[in-house]
Structures are given as C-alpha cells and as structure tokens.
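K.L.:
Provided herewith is a single structure, encoded as structure tokens, for subsequent inquiry.
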Amino acid sequence: MLLPGLLIILIVGLIWGYRAISHQALLELADQSRNHLTLFVSNLNGVLAKYEHLPRLISTNRRLVNTLGQTDIDQINQTNRYLETVATTSGASDVYLMNADGRTVAASNWNLDRSFIGKNFSFRPYFQSAINGNAGRYFALGTTSLQRGYYFSYPIYRLDEISGVIVIKINLADIETAWSDRGNHFIVTDEDGIAFLSTHTDWTYKTLYPIDPARLDEIQLSRRYAGQDLTPLNIDETEKLEENVNRVSITDGKGARAKDYLHLKLDIPSAGWSVHLFSNTQAIQGTLVLRATLAGFGVLILLLLVTLYLVNRQRRLALQGSTELLEQRVQRRTRELENEVEERKKAEQTLRDTQAELIQAAKLAGLGQMSAGISHELNQPLTAIRNYSENARRLLERKQVEAATGNLDEISELTGRMASIISQLRGFSRKSSGEHSQVSIAQSIDQALSMFRREIESSQIDVQARTDPELSVITDPLLLNQVLVNLFSNSIQAMASVKTRHINIDAHNHDQVIVISISDTGPGIPPNVIENIFDPFFTTKEVGLGLGLSISYRIMENLGGKIEVANIATGGARFELYLPNE
C-alpha cells in the first residue's frame, strides 16, 4: 500500500510541478517577448518619424506652388527632377504633387513606366485629409505599382488658399526583412484588424478578427488592398495569461497541424495600428517534456527535486542575463537617441546664429558698397570745418570776435551734421536684438533713403514717396530697415543705364496688412529669371554674391510677412512688402 501511495503522490507532484513550471516559463517568455515587441514598435515609430515632417518642409518650396496650374513643360520637368532628388536623398519610395482636383502634376517617378503623372488619387483618404487643410497619414497598396506603402501628405498654400497636395510614399517592406530572422513573427494590423505588414509571409492580408460584411465591402471598394481576399487567420485563444498576453493556436491551411504561440499586442494610437507578436512556445514545450521524463524515471525524489532546482536556476540565470543584455541595449539606444536630439538642437541653434551672422554680414557689405558716398558726405563738412577754423583763428588775431563767433557757429552746425550721418551708419550696422516695437513706416523709409542721399543727388534720381505719417507697424525696426536699404540699393543700381530715373514709394494699410510698394524705371527683371530672383547666390549683376534679395526674403518670413516682385508694363520692376498689422 505504501508503494502505490508514493507513486500517486509522485504523479500528482509531477503534474502539479509540470503545470507550475509551464506557467512560469510562459510568463518569462511573455516578459522577453514584451521587450522584443517594444523594440519593434520603437523601430517602426522611428521609421515613420523620419518622414513625418518632410511633406510640410518641402510644401513651402516656391517651385511646387508655381508648378500647380502650369502647362509649361520645362517648369514641370524641373519640378519632376526636384522631387526625384528629394526621393533619392530621403530614401522615400515616391514623392508626387497633386493639384486641387487630385490629379498628379509632377512626380519623382516621372521617367518610369509606373509614373503617377496624370493619375487621379482624389479618392485616397490622405488626399482628402490634406486638401481639407490637415496633414494626412494612410497605408494602402498602390493602385499603380501594387506595392505596399505608407503615405504622408500635406497641403500646399498659395496666398492662404490650398492649391494642391504634396505626398511622400515610403516602403515598409524593409522592416519585414530586418525582423524576419528574430525567431518571432510580427504582424501590424490596421484599425479593421487586417494584417498589412508581417514577418510571416502567409499571414499578410489576413484578418485577425471577424469583419462585418458591409465594412469589408467598403474596404474593397476603397482599393486600399487592391483586391486581396482578406481571409481570416485561423487563430483560437486557448489561455489568457495577462492583459494583452494570450496563448493561442494557429492553423496554417487545411490539414496542417496547429501551432502554439504566445500572443502579445501593443497599440500605436498615432497611426491607428496594432502590433502583434507571436512567440513560438515549442521550445518551452520540449523543455517541459524533457523535465517530466527525467522526473518520471527518476529513482530518488530528492535527486529529481535537486535536478529540477538546478535546471530551473540555470534557466533563470540565462533569462536574467538575456534580459540584462536587452536592457543594456535599450539604455544604450536611449542614450544615442538623446545625443541625437541634443545634436539636432545644437544644429538648429547654429543655423539660427549663422542666419543672424549672414544678415549682419550683408549689412556690412552694404556699408562697403556705400563707402564712396559716405566718404564724400563726411569729407565735405571736414573740409569746411578746416576752412572755418583757419578763418576764425585769423579773425581772433585781428580781434574780430563777432566774425570769429560766426565761423565757430558754422563749425558747430557741420559737426552736428556729421554726428547725424555717423548715427545713421551706426544704427544700420547694429545687430538686431530680435525685439519688436512700434515702427513708423514713413520714418523707416526716410532713414533708408538717407543712406543713399549722395547717390540719389549725383544720379539725378526723382524719388516720390506717398506715405501716411501716422502709418505704423509692430516689427523689428533694424530688420525692416535692412530690407528697405537692400531694395533701394537694387533700384539705384538698376537705373544706372537708363536716362529717366524715378523711384516711386507707396505705403498703405490694406485689410490689416501694411503694404510697401517700391518701383523704379530701370530695365526690369528678365522673365526667364524672375522665378529665381529670391534664390540664394542667384544674381544678374557682374559683381555680387546674390544674397541681398534672398536675405530680404528670409527676413520678411521671420517678420511674419512676405515679399513679391513683378515687372511693370511701362518698364522697370516693382517690389512689394507685406507686413501683418494686428
């Protein structure tokens, strides 16, 4: 009776121990799988973050705005090559430009058989989102390429109105390749539970949950998955271990043997996706069978317990070492990401500092160009002061004090004039502090014109200014003064080769916007270069770096306004500055 009782106790103990060890092993596998899932989601988010802001960045390119509504083949081809460069540089699959009707006007794949040019994608949600003024994000199979892709879109504005949409398409297939050798199966599903990304080839375009037939018809009509069958994945839940951690059974095809997996799920709310990890439990089951066999054929219960203890302890140490190694990798990657963020901040600050230095350098360059006029302005009063002082000395020697006093008064007036000139130069060359204040438009124009008084007189230029003395705006006075100086300098230089020389200035308030118009009677700007007039290092002059108008363009953007240029039908060019007056 003792032996059967011991056998029963041993069998019960083995069954209980098997279940306890099995449950603990599953929990440990869940912890390890959770770390793998977190790394996968971080990698996926990193790929998406790389391209998230790219459409908004390139939407400000004037070339894209000018291409919309154009039929000029050269203009469209230039935009095609620009988009091709963006796609090659960023690693995007395709970059394309659509007009307000959803028709593709220009694309990076313009020279390929699968070109998007002429195709209409207005039915795509990413277009509908962008054309309504929002950034769009969408995953689908391409209707032209039949390749999976994730789309980022952003509206393109022309004078505060949406005139088109720019789209970036990226290929996520590289993620499948990179993670397919990790020993686990990853699936990414959309909001309907459809697997559009998977490291298990046969599970792509499978549904993890039942889909309402009406909703399934809507998905097929949207051509999001280009006619894929979207059949269910044969998955059955066998045990719930924790929140979003289940033990499941999956059967691949008819007659196939079901496989046991540990299923973990993590949501990505920003994209509307869910990421699933299926960890194969076969290795755990094999270990458990081995332990049970050793325990069943063990002679001594003590030896069995010691053996189980040592094996379990060794397993814990191995798992602990793997977990620590994984945590070290996560910490190292976190530090790397923090360093990248810090380097990006430093780069942005360096860019801002460089822009400020470039603006200051442009001021000093302008002073250098005006040096001849400045020297003349200062030399005249200096010569007069020398003559008056000599006369005063002689008059004092003759005791003609009253006459000498008159000469000294003239000297005082001339030194005041020189102080005024130097004060203007010092104010123009001073760096901007970035602070805004109430600025009189008329005074800003007068101060800028005073820098060219000698050139205006010597070149016999007629300057007509129509400004309201009460007209003012809250802005940076130094930056506005620099833009006006740049434009007056360009107008004076442009009229050097013409006989009739007029500069007309008009400033007025239009719908809470201050408009300053500066026109001249020069030869105007050649039509073939007017589109590039604000590009850096672009110039039509024989001497110059081509930075004056580019810097003026950036200054107006920083002030919340803009600058535009057009040729006048009667001859000459007109520049218009727009400043918000709120």
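K.L.:
Just one of the numbered conditions (1) closer than 25 Å to A442 by Cβ; (2) of a type outside the set (A, V, I, L, M, F, W, C); (3) out of contact with any helix residue (DSSP H, G or I) (no Cβ under 6 Å at 6 or more places or on another chain); (4) surrounded by 16 or more Cβ atoms within 10 Å (Cβ to Cβ) is not true of S550; which one?
P.N.:
(1)
K.L.:
Looking only at segment 445-503, filter to residues that are among the small types (G, A, S) and assigned to a strand (DSSP E or B); which one of those is most open to solvent (accessible area, probe 1.4 Å)?
P.N.:
This residue is A465.
K.L.:
What residue, among those in segment 328-348 that are in contact with a helix residue (DSSP H, G or I) (Cβ under 9 Å, 6 or more places away or on another chain) and open to solvent by 90 Å² or more (accessible area, probe 1.4 Å), is nearest to N43 (Cα to Cα)?
P.N.:
That would be R333.
K.L.:
Let me ask you something else. Evaluate segment 313-327: report whether one residue or more is assigned to a helix (DSSP H, G or I), surrounded by 14 or more Cβ atoms within 10 Å (Cβ to Cβ), modelled with pLDDT of 70 or more and among the charged types (D, E, K, R).
P.N.:
For segment 313-327, residues assigned to a helix (DSSP H, G or I), surrounded by 14 or more Cβ atoms within 10 Å (Cβ to Cβ), modelled with pLDDT of 70 or more and among the charged types (D, E, K, R): present.
K.L.:
Please work out which residue is modelled with the lowest pLDDT, limiting yourself to segment 526-553 and to residues that are closer than 14 Å to N486 by Cα, in a loop (DSSP other than H, G, I, E, B) and among the hydrophobic types (A, V, I, L, M, F, W, C).
P.N.:
L545
K.L.:
So for segment 60-67 (the condition being assigned to a loop (DSSP other than H, G, I, E, B) and surrounded by 14 or more Cβ atoms within 10 Å (Cβ to Cβ)), does at least one residue qualify?
P.N.:
Yes, segment 60-67 has at least one match.
K.L.:
Keeping to segment 97-108, report how many residues are touching a residue at least 24 places away in the same chain (Cβ under 8 Å) and part of a loop (DSSP other than H, G, I, E, B).
P.N.:
3
K.L.:
When you go through (1) open to solvent by 40 Å² or more (accessible area, probe 1.4 Å); (2) of a type in the set (A, V, I, L, M); (3) at pLDDT below 85 one by one for L266, which number turns out not to apply?
P.N.:
Of everything listed in (1) open to solvent by 40 Å² or more (accessible area, probe 1.4 Å); (2) of a type in the set (A, V, I, L, M); (3) at pLDDT below 85, L266 misses just condition (3).
K.L.:
I'm trying to understand the selection: among the residues of segment 186-205, which are open to solvent by 10 Å² or more (accessible area, probe 1.4 Å) and either part of a loop (DSSP other than H, G, I, E, B) or at pLDDT 85 or above (or both)?
P.N.:
Once the filter is applied, which keeps residues that are open to solvent by 10 Å² or more (accessible area, probe 1.4 Å) and either part of a loop (DSSP other than H, G, I, E, B) or at pLDDT 85 or above (or both), segment 186-205 yields E191, D192, T199, H200, T204, Y205.
K.L.:
Working carefully through the options T201, T189, find the one that is among the polar types (S, T, N, Q) and in contact with a strand residue (DSSP E or B) (Cβ under 7 Å, 6 or more places away or on another chain).
P.N.:
Criteria check complete, one pass: T189.
K.L.:
Another question about this same structure. Test L83 against the stated conditions and say whether it is buried (at least 18 other Cβ atoms within 10 Å of the Cβ) and either touching a Phe, Trp or Tyr at 6+ places or on another chain (Cβ under 6 Å) or part of a strand (DSSP E or B) (or both).
P.N.:
no
K.L.:
On to the next question. Quick check: anything in segment 122-132 over 20 Å from the mean Cα position of the chain (by Cα) and open to solvent by less than 40 Å² (accessible area, probe 1.4 Å)?
P.N.:
So far as segment 122-132 goes, yes, one or more of its residues are over 20 Å from the mean Cα position of the chain (by Cα) and open to solvent by less than 40 Å² (accessible area, probe 1.4 Å).
K.L.:
Now for a separate question. Which of (1) open to solvent by less than 30 Å² (accessible area, probe 1.4 Å); (2) within 30 Å of K259 (Cβ to Cβ); (3) of a type in the set (G, A, S) does S180 not meet, given it meets every other one?
P.N.:
Condition (1) is where S180 drops out.
K.L.:
Please specify each residue of segment 231-260 satisfying the condition of being within 21 Å of D190 (Cβ to Cβ) and surrounded by 12 or more Cβ atoms within 10 Å (Cβ to Cβ).
P.N.:
P232, L233, N234, I235, N244, N246, V248, I250
K.L.:
Going through segment 431-444 one residue at a time, which ones are loosely packed, with under 12 Cβ neighbours inside 10 Å and modelled with pLDDT under 85?
P.N.:
K431, S433, G434, E435
K.L.:
In segment 554-582, how many are part of a loop (DSSP other than H, G, I, E, B) and of a type in the set (A, V, I, L, M, F, W, C)?
P.N.:
3
K.L.:
Continuing with the same structure: Within segment 155-177, track down each residue that is open to solvent by less than 50 Å² (accessible area, probe 1.4 Å), in contact with a Ser or Thr (Cβ under 9 Å, 6 or more places away or on another chain) and not in a helix (DSSP H, G or I).
P.N.:
Result: P155, I156, G164, V165, I166, V167, I168, K169, I170.
K.L.:
Run I117 past the list (1) assigned to a loop (DSSP other than H, G, I, E, B); (2) closer than 22 Å to Q228 by Cβ; (3) in contact with a strand residue (DSSP E or B) (Cβ under 7 Å, 6 or more places away or on another chain); (4) open to solvent by 50 Å² or more (accessible area, probe 1.4 Å) and report the number of the one that doesn't hold.
P.N.:
Checking I117 against (1) assigned to a loop (DSSP other than H, G, I, E, B); (2) closer than 22 Å to Q228 by Cβ; (3) in contact with a strand residue (DSSP E or B) (Cβ under 7 Å, 6 or more places away or on another chain); (4) open to solvent by 50 Å² or more (accessible area, probe 1.4 Å), the one that fails is (2).
K.L.:
While we're on this one: Please tell me if Y150 is under 34 Å from the mean Cα position of the chain (by Cα), open to solvent by 70 Å² or more (accessible area, probe 1.4 Å) and among the aromatic types (F, W, Y).
P.N.:
When the stated conditions are applied, Y150 does not pass them.
The values are calculated or read from the model by the stated rules, or taken from the named source; none is laboratory data. Just so it is clear, the model here is predicted, and its values are computed rather than measured. With ideal geometry, Cβ positions are generated from the backbone for all residues, glycine too; neighbour counts draw on all protein chains shown. Accessible surface areas use protein heavy atoms only, side chains included; no ligands, DNA or RNA. Shrake-Rupley method; radii C 1.70, N 1.55, O 1.52, S 1.80 Å.
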